[in-house]
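S.K.: Submitted below is the structure of interest, expressed as structure tokens.
The values are calculated or read from the model by the stated rules, or taken from the named source; none is laboratory data. All values derive from a computational prediction rather than experimental measurement. Neighbour counts run over all protein chains shown; Cβ positions are idealised from the backbone, glycine included. Surface accessibility is based on the protein's heavy atoms, side chains included, excluding ligands, DNA and RNA. Shrake-Rupley method; radii C 1.70, N 1.55, O 1.52, S 1.80 Å.
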Amino acid sequence: MLPSLVPLLPTENDWITFDIPSLAQNFWSATFDGLTFGAIYALVALGYTLVYGVLNLINFAHSEVFIVGCYAVFFTLSSLGFGPSVPRLDIWAIILNLLLALVLAMLASAVTAFLLERIAYKPLRQRNAPRLVFLITAIGASFTIQYLIYLWRGPSPELALTMFRPTPIFDVFGTIVDSQQLVIIIAAVIMMVGIDRFISKSRTGRGIRAVAQDPDTATLMGVNKERIIITTFIIGGLLAGAAALFYVMKIPSGVQYSGGFVLGIKAFAAAVLGGIGNVRGALLGGLLLGLIGNYGQILLGNSQWTDVVAFVVLVLVLLLRPEGILGTSLGRSKA
Amino acid sequence: MYRKKVLTSLAAAATFSMLLSACANQAGPGTTESSGSSSKVNIPAISKVDVPSGAVKPAGDGKATCPATTTLAYAGAQTGPNAQLGVNIFNGIQLAIDQHNKANPGCQVQFKKFDTEGDPNKATGPVTQLVSEPDILGVIGLPFSGESKATGNIFEQKGLVHITPSATNPTLTENGWTTFFRGLGNDAVQGPAAAKFLTGKLGAKKVYLVQDDSDYGIGLGTSTSAGLGSALAGTEKVTTGQKDFSAVISKIMNAKADAVFYAGYYAEGAPFDQQLVGKGFTGTFVAPDGVKDDQFIKQAGDASNNAYFTCPCLPGELIPDFASAYKDVSKGAEPGTYSIEGYDAATVLLSGIDAGKQSRADLLSWVKSYDKDGFSKHYKWDAKGELQAPTVYGYKVENGKIVPIGPIGE
């Protein structure tokens, strides 16, 4: 009550300060952490972008497709004996366990995405519901899945899972890049390049682009629209499941019913930043958003700033380029 | 056909990442060994504490009489992210009331619990409901500082005495409340004691202070940073519910701190320490009473081996009679942080009821003029509701258990 009795820390009085020396000192570690988060955002962002490209639908429930993958990782690894402590297993056992978790998480997320499409969206499509109805359904589905998990697992986060001890691999200007960051960034980028080539080169990818460009003409040309839609949802789910493994690797205690919500919003923002409907845009947007948020939080000295900075930059970019940085839609992307 | 290729490349990516992690893990034990050398100070555990010989027991003289409606209440966390801290307390209270009722057939005190989830935003509802029940004569709670701040006025308006067994924010007694009593030392005592412990016994040269955004964390962070002086390498804030601490951890690593003091609760403290050690931090992790719980060890795993705790709480597990009786109430669990403080606070109120103070006003003035020993310390409050000369104890993690290392900060 009496302010004189509460000698506040200097930072309490100046609620906004720019700590440039700290950013300079932590620049490279912020960069690598930012890229790691960015890679995870980008994998989830692809799910938003692909579905938007094909259906013009913002699938808000995609964040729950992702969190189901996180739970799959949690249950797989904790039943295999992983926990908060570093596992005492030999290398190959860990590789096998993590591969199993990856496959199961991708499956779990893909099945969730598939069911979501069949139960929530397909009936609406068959009745030619207006687009707004899809959006509300998506939000409703998101809450439904989230609170089903809440009822099942309760409000507390699950026990942390340590998959392996991150070890220094090399250092850049005195900042150590560890194996964990490297694993996440490289694996995520390889997956994204794979997806990009899949969309631009494969038969199914051509189908996806055709439906995105003009569903009716595509159908007349012999493209099975329903199959393309389902495939799109499943691809998004597979990628979200892979993102889930990397997310738990990065944030071991992040498995919680509401854990997908903020990440989902950021991944969606990443998709918009890069240009929604554009596969490469999602990649670029994700990495940028991860970097900007991390620089911002170090510059402003509090983790609460991550999202503020990321979204202010998002709005500024959209003011200048409303269609996002790369802008082109899925349908028009070059083959 | 192309789908096959994509699947192949996905699989290749996955395998590649696993291989990398494999190398990572292979190198793992090496780093642990090299970091082992930096665990410098070894402070031995203590195995007994002195209990005042004349400590008041809840049983009393066995001749007390009181109306059958006489009720004491606990208000605080029963669920929520930091629930275990509340469970420790109400089991202590339950034990005191059980012992009292068993010894006094003429006075069967009822016990009611009100769940606040430890959340200041949710606490006002249950407390408002509690004060409106006329049979409740005294309350043990609320355990946390934020919720205590939010509800102190409600107790004050109804003249209902309440003893907090664990809220340590110093400003709580600056509100002019006449019904608020603190059953332990506050953070104006704990903070400097923690600072002295860090720079003295632990020999830390560069301490990084990390505080959460609760009233408790901010208050304790402030009083600790003042005591650290030039040993303070930096200050960082985290948020309730935060999961990722990588930015804070890079700052700590770049500052080359040899100790971290975390002012907050275990819900964030455990993942923070876990990620800190995961990133290769080899120094000590010191945390206050809000983190000192077995849940911390469970959630942080092996990483918790670097942890020390400060707490204005007595190690109740070292009082054999108390510890064995407590296990009957808690279904086998050892007494936890603040179990004995909850037990003592309940004893203060029960002895008042036994002495015939069976209205809210009488019980309040009983507590005001109370001047006797409890198991954990001497209980005599000043006009603001603070105890005189409370002690701060140190604890450490040893073989996956929290063990006491005796008084600190003296």
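S.K.: Any idea what the relative contact order of chain B is, in percent, if you count C-alpha pairs under 8 Å spaced at least 6 apart?
M.R.: Details: 852 pairs, mean separation 82.4, N = 410.
Averaging sequence separation for qualifying contacts and normalising by length gives 20 percent for chain B.
S.K.: Count neighbours as other Cβ atoms within 10 Å of each site's Cβ, and list the chymotrypsin sites (Phe, Trp or Tyr not before Pro) in segment A:168-266 that are DSSP loop with at most 16 such neighbours. Numbers along the way, then the final one.
M.R.: Numbers: sites: A:F170, A:F173, A:F198, A:F233, A:F246, A:Y247, A:Y257, A:F261; in loops: A:F173, A:Y257.
Listed in order of number, the matching sites are A:F173.
S.K.: At 1.4 Å probe size, with the rest of the protein present, what percent of the exposed accessible area of the protein assembly as shown is carbon and sulfur atoms? Don't skip to the answer; put the middle values down first.
M.R.: On the way: 17520 of 28990 Å².
Carbon and sulfur together cover 60 percent of it.
S.K.: Amide H neighbours of B:K380 under 5 Å, at least 5 residues apart or on other chains, H built in the peptide plane: list them.
M.R.: Result for B:K380 returns B:Q388.
S.K.: Which shape class applies to the protein assembly as shown: rounded if a/c is under 1.5, otherwise prolate when a/b exceeds b/c and oblate if not, where a ≥ b ≥ c are the square roots of the Cα gyration tensor eigenvalues? Mind showing how you got there, number by number?
M.R.: Working: a/c = 2.30, a/b = 1.83, b/c = 1.25.
Taking the square roots of the gyration eigenvalues as a ≥ b ≥ c, the protein assembly as shown is prolate.
S.K.: Additional query: Could you work out the mean count of beta carbons from other protein chains within 10 Å of each residue's beta carbon in B:274-285? Don't jump to the answer; show the numbers that get you there.
M.R.: Working: counts 6, 7, 0, 4, 10, 6, 6, 0, 0, 0, 0, 0.
If you average over the peptide's residues, the count of other-chain Cβ atoms is 3.
S.K.: Any chance you could give the angle, 0 to 90 degrees and rounded to 10, that helix A:91-116 forms with the longest Cα principal axis of chain A?
M.R.: Relative to chain A, helix A:91-116 is tipped by roughly 50 degrees.
S.K.: Follow-up. Leaving out ligands, DNA and RNA, calculate the buried accessible area for the pair A and B with a 1.4 Å probe, summed over both sides, in Å² to the nearest 100.
M.R.: On the way: alone 16610 and 17480 Å², together 28990 Å².
Interface between A and B: roughly 5100 Å².
S.K.: Which of B:N175, B:N186, B:N306 ends up with the largest GNM mean-square fluctuation for chain B, with Cα atoms connected below 10 Å?
M.R.: Evaluated over chain B, the most mobile residue of the options is B:N175.
S.K.: In what sequence, largest accessible area first, do A:M106, A:M191 appear using a 1.4 Å probe? Don't skip to the answer; put the middle values down first.
M.R.: Numbers: A:M106 25, A:M191 0 Å².
Heavy-atom accessible area, descending, gives A:M106, A:M191.
S.K.: Moving on to the next point. Hey, which aspartates and glutamates would be in cross-link range of B:K243, C-alpha to C-alpha under 12 Å, not counting anything within fewer than 8 residues on its own chain?
M.R.: Here the aspartates and glutamates satisfying the reach criterion relative to B:K243 are A:E158, B:E268, B:D273.
S.K.: What is the magnitude of the charge dipole of segment A:17-320 about its Cα centre, with +1 placed on the Cβ of each Lys and Arg, -1 on the Cβ of each Asp and Glu, and no other charges, expressed in debye to the nearest 20? Mind showing how you got there, number by number?
M.R.: Working: 18 positive and 13 negative charges, 197 e Å.
Roughly 940 debye, rounded to the nearest 20.
S.K.: For segment A:36-101, what relative contact order do you get, as a whole percent, if you take Cα pairs closer than 8 Å and at least 6 residues apart? Walk me through the numbers before you get to the answer.
M.R.: Working: 22 pairs, mean separation 15.6, N = 66.
Relative CO of segment A:36-101 lands at 24 percent.
S.K.: Further question: Considering only A:L314, A:L148, A:L288, give the residue with the highest GNM mean-square fluctuation for chain A, with springs between Cα atoms whenever their separation is below 10 Å.
M.R.: Of A:L314, A:L148, A:L288, the most mobile in the Gaussian network model is A:L148.
S.K.: Taking the Cα centre of the protein assembly as shown as origin and charging only Cβ (+1 Lys, Arg; -1 Asp, Glu), how large is the dipole, in debye to the nearest 20? Show your work: numbers first, answer last.
M.R.: Numbers: 57 positive and 55 negative charges, 572 e Å.
It works out to roughly 2740 debye.
S.K.: Which of the listed residues, A:T112, A:F246, A:G260, is farthest toward the dipole's positive end in segment A:17-320, when Lys, Arg count +1 and Asp, Glu count -1 at the beta-carbon?
M.R.: A:T112
S.K.: Have a look at B:I136, B:I163, B:I89 and tell me which one the Gaussian network model of chain B (Cα, springs below 10 Å) gives the largest fluctuation.
M.R.: Highest fluctuation of the listed residues: B:I136.
S.K.: From the protein chains alone at 1.4 Å, what is the descending order of accessible area for A:R197, A:R88, B:R360, B:R182, largest first?
M.R.: Putting A:R197, A:R88, B:R360, B:R182 in descending order of accessible area: A:R88, A:R197, B:R360, B:R182.
S.K.: For the protein assembly as shown, build the charge dipole from Cβ charges (+1 Lys, Arg; -1 Asp, Glu) around the Cα centre, then report which of B:I297, A:G205, B:F114 sits farthest towards its positive end.
M.R.: A:G205
S.K.: Rounded to the nearest 0.05, what FRET efficiency do A:L135 and A:M221 have when you use their Cβ-Cβ distance and R0 = 30 Å?
M.R.: 0.55
S.K.: Between their Cα atoms, which of A:K250/B:K206; B:K57/B:K158; B:K201/B:K292 are more than 22 Å away from each other?
M.R.: Table pairs above 22 Å Cα-Cα are A:K250/B:K206; B:K57/B:K158.
S.K.: Then there is this: Could you work out the helix-only [θ] at 222 nm for the protein assembly as shown, with each DSSP H run of four or more residues adding -39,500 (n - 2.57) and the total divided by the number of residues, to the nearest 500 deg cm²/dmol?
M.R.: On the way: 25 runs with 405 residues, N = 745.
About -18000 deg cm²/dmol.
S.K.: OK, next. Considering only the other residues whose Cβ falls under 10 Å of the Cβ of A:Q25, what net charge follows from Lys and Arg at +1 and Asp and Glu at -1? Write out the running numbers ahead of the final one.
M.R.: Numbers: positive: B:K251; negative: A:D19.
It works out to a net charge of 0.
S.K.: Another question, then. Using Cα-Cα distances under 8 Å and only pairs 6 or more residues apart, what relative contact order does segment A:17-320 have, in percent? Each step should come with its number before you reach the end.
M.R.: Numbers: 495 pairs, mean separation 120.3, N = 304.
Dividing the mean separation by the residue count of segment A:17-320 yields 40 percent.
S.K.: Calculate, for chain A, the solvent-accessible area per residue in square angstrom, rolling a 1.4 angstrom probe over the heavy atoms of the protein chains. Mind dumping the intermediate values first?
M.R.: On the way: 14170 Å² over 335 residues.
So chain A comes to 42 Å² accessible per residue, rounded to a whole number.
S.K.: What order do B:K331, B:K256 take when sorted by accessible area (1.4 Å probe), most exposed first?
M.R.: Working: B:K331 190, B:K256 150 Å².
The ordering from most to least exposed comes out as B:K331, B:K256.
S.K.: Roughly how much of B:S132 is accessible, in Å² to the nearest 10, using a 1.4 Å probe?
M.R.: Roughly 70 Å² of B:S132 is accessible to a 1.4 Å probe.
S.K.: To make sure I understand the rule: partners must be lysines, Cα under 25 Å from the Cα of A:K122, and not fewer than 8 residues away in the same chain. Which ones qualify?
M.R.: A:K122 reaches A:K225.
S.K.: Which FRET efficiency, nearest 0.05, do B:I43 and A:V315 yield, Cβ-Cβ r, R0 56 Å? Numbers along the way, then the final one.
M.R.: Details: r = 53 Å, r/R0 = 0.95.
After rounding to 0.05, the efficiency reads 0.60.
S.K.: With a/c under 1.5 counting as rounded, go ahead and sort chain B into rounded, prolate or oblate using the C-alpha gyration tensor (a ≥ b ≥ c being the square roots of the eigenvalues; past the cut-off, prolate if a/b is larger than b/c, else oblate). Spell out each step's value before the answer.
M.R.: Details: a/c = 2.10, a/b = 1.83, b/c = 1.15.
Here chain B falls in the prolate category.
S.K.: Sum up the charges of everything whose Cβ sits under 14 Å from the Cβ of B:F272, counting Lys and Arg as +1 and Asp and Glu as -1, but leave B:F272 out. If you can, show how the numbers build up before the last one.
M.R.: On the way: positive: B:K237, B:K243, B:K251, B:K279; negative: B:D212, B:D213, B:E236, B:D244, B:E268, B:D273.
Summing Lys and Arg as +1 and Asp and Glu as -1 gives -2.
S.K.: Let me ask you something else. Using 7 Å Cα-to-Cβ label points, what is the A:I16/B:D98 separation (nm, one decimal)?
M.R.: Once both label points are built, they end up 5.6 nm from each other.
S.K.: For a test of the definition: using alpha carbon positions, the gyration tensor, and the 1.5 limit on a/c, classify segment A:247-321 as rounded, prolate or oblate. Let's see the in-between values first.
M.R.: Numbers: a/c = 2.05, a/b = 1.24, b/c = 1.65.
Oblate shape, in that a/c is at least 1.5 and b/c is the bigger or equal ratio.
S.K.: Same structure again: So how exposed is A:W28, as accessible area in Å² (1.4 Å probe, rounded to 10)?
M.R.: That residue has around 80 Å² of solvent-accessible surface.
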